Every structure is written in C-alpha cells, then in structure tokens.
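In what follows, a single structure is set out as structure tokens and then discussed.
The values are calculated or read from the model by the stated rules, or taken from the named source; none is laboratory data. What you see is a predicted model, and the numbers here were worked out from it, not measured in a lab. Virtual Cβ from ideal backbone geometry, glycine too; neighbours counted across all protein chains shown.
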C-alpha cells in the first residue's frame, strides 16, 4: 500500500441554511479544498461524495460539474453519520492501492430541508425504534446504564456539553458559538431523562471536502502534508452492542486495528475528534478509544483532561454538539479540523505542538441490531 497524504481541505460554515441547496454547499467546500491544495480540478482522478438525508441523483457529478471536475470515476455513498468518513476512506483506498494519484472526498447534508428534520430516525426493520426507542431514548438508556454500573454522575455528562461549547466559541465554522454553564446545560429542556436539550447535537446544514494525494506527488503541491497513518471501516455482526449497552464492540474492532496500522497507542495521541451526537456518546468513547480504563471516564471529565489545555483534548472544534452535525459532512469535517491543527492553523483553539490525532465516526447504531458502520482514522503531521 502506498502512503497517502491530505494536501487540502475546505468546508462551509455549519448551521441552519434552508435557503442553500446541497449543490451550493458542496460546491463551496470543494472550491475551498482545491484552493487550499493548489490542485487544478482537471487533476482530480476520483471522487467519493457522501449524502444521507436526500435522494439526489448523481450528487457528486452535479457538484463536480460546477467546479470543473468531470469525466472521472465518481461514487455517491451513504453510511448514515459515518458517510463522510466512508467517502474519505474510499478515496484513501483508491490511492493507496495505486489505482489513482489524486482524489476528492466530500460530505454534504442539509438536515433542515430533509424529510428527517425534527423526526426521530428509525427504520422499518428497527422494531425497538418503532415502539419508541428512538435515537435520544437509546442514548438516555445507555447513559443511565453507565451511571448505574460505574457511578457516573449527571454533572459529568453535562460538563462535556460545557466543554464542547467552550471550544465551539473559538471556532469560526461552528453552528453555535455560545458558552453554557453547567447549570444551564442541566436545566435545559428534558429530551429523554436524564438527557437534556443542550446535551444533544442540533440539526445542521453544511459540507466539507478533502483532497488526498499519493506520496510521490505530494511535493508538487505542499511542503506540509498530513499523512493518513490508519484508515479503518467496520460493520458489526448481528448485534452492535454485544457485551454491554455501554460498550460498542464495533468501535473496539476499529480502534484496535487503527492503532496497529498506525503503530501508535492512545498514549501517543495529541487530540481526538469523535462522534459526540449526545454527551454520553463522548463519555463512553473515552473508554472505547482507550483514553482511560473502562468505568473511569467520569474521572477524566472531572480532571479536565479532555478540555483544551488538558492531557488529551477531545473535540477542540466543539464537536457535533457545538460545531453542528450535518450527518454525512461530519466525518470529512473532522479531517479538516485535524489537518488545521497538525499544520498549526487552528487559531484560538489550536492544540499546541499537535503531531498525531484520531478521528472517530459511527453511523446507524440501531440498538440491538447490526445495521451500523464505524470508522477510525489516525493522521500524523
């Protein structure tokens, strides 16, 4: 397998923008990534585009035609929240295996104009969901189980929202730049007890793009490549949560393979961007990613270890909670954030001296069933 680097990234603001089309959002992100990379549109050889909430025929081709990317192999993919990271892996694989030299990964979503806006997401095969165990309820159930099993406190979950909104206030691309106190988070409207409104990610619109390049071509475009040290994408067996509802064996599979590919361990990471659709998601991912022993994530929160300035900052972007979560865009957006930090270009939220970072996304985690996907990428500056 050839070494592959990210040589350019770009994204839109995230927010509620129902007046903007998918093509408009995607075009802005791609143009920004092309400008950042110095790559001409005619030099792009392959494109993967992720979208979940709309039925748009040949979206990659439509966006490509607006920026001069035509007559190439293009793929349109859907993997729920992991769609963007799936697109990124697709381009990485095409280049790493020698098929192409330069490619484009794109994720774009408009949740505010989709049929899913304001609805709990379930599928016709998700019997639990049809009976009311929808996404927030699942999160609340896992949250209560962690509290019962390990003594985790509601305040520890809520503090994650405080932290991520603090980080988001420093991010010019974030949907929400407002800080919240612990009391405001805990006293916000109850969604699924004990999960409150400010502990849930918002509906968002936006797009993000990345340009990937084979090692032998990198020097033509940049002296600051960000190398993809690991790329892993997994789907579960019949049960995604086999051991315990507080732990996902799917993430466990991904993270072990990713650390092995990259030749690093959790102790080598300078920061992490992970899937915090709800505050409990971030907390139990501390354990699944090996940032702390199982059952001790609450302690990590209390120590401030995952805040900017802490031992292992998590979601310096503000995460899905503050940055926003246009489903298929989020996985590529994480790559943009990591690239900016590894280049020392992240401004007020910069993790000083960052050299190694991890991106984690999971999608379609239907409680008790195997309709899910998880990706882990490790990048090095």
From the list 345, 334, pick out the single residue that is modelled with pLDDT of 95 or more and assigned to a loop (DSSP other than H, G, I, E, B).
345
Determine which member of the set 296, 267 is within 28 Å of residue 348 (Cβ to Cβ) and surrounded by fewer than 17 Cβ atoms within 10 Å (Cβ to Cβ).
267
Quick check on residue 317: is it modelled with pLDDT of 95 or more and assigned to a helix (DSSP H, G or I)?
no
Yes/no for residue 287 being in contact with a helix residue (DSSP H, G or I) (Cβ under 7 Å, 6 or more places away or on another chain), farther than 21 Å from residue 227 by Cβ and assigned by TED's automatic domain parsing to the domain that holds residue 340
yes
Only one of (1) surrounded by 21 or more Cβ atoms within 10 Å (Cβ to Cβ); (2) in the same structural domain as residue 29 (by TED's automatic domain parsing) fails for residue 185. Which number is that?
(2)
Every listed condition ((1) buried (at least 24 other Cβ atoms within 10 Å of the Cβ); (2) outside any helix (DSSP H, G or I)) holds for residue 282 save (2)
